[in-house]
């Protein structure tokens, strides 16, 4: 149970940002603003969403991608952060779990997620 004043404040904060519908197993591309000194730039981060957690303005997603030499890189992004400009769903994944932490132990072709086919 949450305080109604906090809920109203969070609704006002989250209303201005539109999010696509996605879940764990989907491949997403996030446009992240990076500040370097007095300059800012937008860098994309693409990977598989392995977890969603939290509620309201504290909602976060964990995105995993495979970097150089096959090393897995995970980043946790607050969805309603000002540093995230946009979230784009690239592929829909066919998974049966809400948290895909088992992907951490897999490598190569075994770590693939089948694409969800629309009828």
Practice task
Name every residue in segment 58-74 that is in contact with a strand residue (DSSP E or B) (Cβ under 8 Å, 6 or more places away or on another chain), in a loop (DSSP other than H, G, I, E, B) and loosely packed, with under 13 Cβ neighbours inside 10 Å, in order of residue number.
Solution key: 67
Fill in the blank from the handout: Taking segment 81-108 and the residues there that are in a helix (DSSP H, G or I), at pLDDT 90 or above and over 15 Å from the mean Cα position of the chain (by Cα), the one that is farthest from residue 63 (Cα to Cα) would be 105
Completion exercise
Filtering segment 28-42 down to residues that are assigned to a strand (DSSP E or B) and over 20 Å from residue 78 (Cβ atoms) yields 36, 39
Exercise for the section: State yes or no: is residue 52 at pLDDT 95 or above, under 30 Å from residue 5 (Cβ atoms) and out of contact with any helix residue (DSSP H, G or I) (no Cβ under 8 Å at 6 or more places or on another chain)? Expected result: yes
Exercise for the section: Could you list all residues from segment 43-54 that are free of Cβ contacts under 8 Å to residues at least 12 places away in the same chain and either part of a loop (DSSP other than H, G, I, E, B) or over 19 Å from residue 14 (Cβ atoms) (or both)? Expected result: 54
Handout entry: Residue among 22, 77, 9 that alone is out of contact with any helix residue (DSSP H, G or I) (no Cβ under 6 Å at 6 or more places or on another chain), at negative phi and part of a helix (DSSP H, G or I)
Key = 9
Practice task
Please enumerate the residues belonging to segment 18-41 that are farther than 26 Å from residue 8 by Cα and either within 9 Å of the chain's Cα centre (by Cα) or surrounded by 12 or more Cβ atoms within 10 Å (Cβ to Cβ) (or both).
Solution key: 24, 25, 26, 27, 28, 29, 30, 31, 32, 33
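The values are calculated or read from the model by the stated rules, or taken from the named source; none is laboratory data. What you see is a predicted model, and the numbers here were worked out from it, not measured in a lab. Backbone-built Cβ (ideal geometry, glycine too); neighbour counts: all protein chains shown.
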